[in-house]
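Just so you know, all these numbers are worked out from the coordinates, no wet-lab data involved. Please read all numbers here as calculations on a predicted model, not as lab measurements. For neighbour counting, all protein chains shown are included, and Cβ atoms are generated from backbone atoms with ideal geometry for every residue, glycine included.
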Amino acid sequence: MAITVEEIKGLREKTGCGMMDCKAALKDAQGDAEKAIELLRKKGLAAVAKRAGRTAAQGVIESYVHLGGKIGVLVEVNCETDFVAKNIEFQAFAKDISLQVAATNPQYLMREDVPADIISHEKEILKGQAQNEGKPENVLEKIIEGRLEKFYEETCLLDQPFIKDPKKNIKDLLADIAVKIGENIVIRRFIRFQLGEKS
């Protein structure tokens, strides 16, 4: 099928990928723009994985204060170059992450940061819940694993659904910005303060 220049340009604006890549993706997706974006993301994620080993020592520390000074957040987001650190889209991403932390109060950056004893304790609670619901023993493990995913979504920033677009999680958002900008982007750390709370 024939792909128009307008379709290619539209896809390029949405994804930041090259014209030839956009054209090829549209052809593979038979003109379906959403499928083409998915194909480009799959290809792009491979590129992100290659970049992941590169040092990201530049970036910004973004702050956000909410509810008349009742909640405050600091987030460090790193990139490879000072040039990208000044990029409007990079800075908007950092701002979005600070809003996410303010709104959802994650306890950890990623699931690998959750201490083993917390996971064990959570599994015990989930097992007890499933047994109280009368779930059969042979499916308990699957139920616990499924519910543990929900725990990660609630407590780990990278697993959380993005507040502005819940169909994406923060990990996806991070991969998207890395593909678009073409550098290794890392959410390094965050801290959230709430008035009257102990740290």
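On the basis of the beta-carbon distance and an R0 of 45 Å, Ile61 and Glu137 show a calculated FRET efficiency of 0.35. Taking a ≥ b ≥ c as the square roots of the eigenvalues of the alpha-carbon gyration tensor, the stretch 75-131 is classed prolate because a/c is 1.5 or more and a/b outweighs b/c. In degrees, nearest 10, range 0 to 90: what is the angle between the Cα axis of helix 170-181 and the longest Cα principal axis of the chain? The helix 170-181 is inclined about 20 degrees to the chain. At full extension, Lys43 and Glu145 could sit 33.8 nm farther apart than now, given 0.36 nm per residue minus the alpha carbon distance. Taking packing as the residue-averaged number of other Cβ atoms within 10 angstrom, the listed peptides 131-141, 184-194, 57-67, 72-82 run from highest to lowest as 72-82, 184-194, 57-67, 131-141. If I model a spin label as a point 7 Å beyond the Cα along the Cα-Cβ vector, how far apart are those points for Phe193 and Thr4 in nm? About 5.4 nm, to one decimal.
Given a Förster distance of 25 Å, report the FRET efficiency between Met20 and Glu89 from their Cβ-Cβ distance, rounded to the nearest 0.05.
Working: r = 22 Å, r/R0 = 0.89.
Calculated transfer efficiency: 0.65.
The mean sequence distance of close C-alpha pairs (under 8 Å, at least 6 residues apart), as a share of the length of the stretch 45-199, puts its relative contact order at 34 percent.
With n ≥ 4 as the cut-off for DSSP H runs, can you work out [θ] at 222 nm for the chain, using -39500 (n - 2.57) per run divided by the number of residues, rounded to the nearest 500?
Working: 8 runs with 106 residues, N = 199.
So the calculated ellipticity at 222 nm is -17000 deg cm²/dmol.
The simple Förster model, with R0 at 22 Å and r as the Cβ-Cβ distance, assigns Asp82 and Lys171 a FRET efficiency of 0.30. Here the chain is assigned +1 on the Cβ of each Lys and Arg and -1 on the Cβ of each Asp and Glu. Its dipole about the Cα centre then comes out at about 360 debye.
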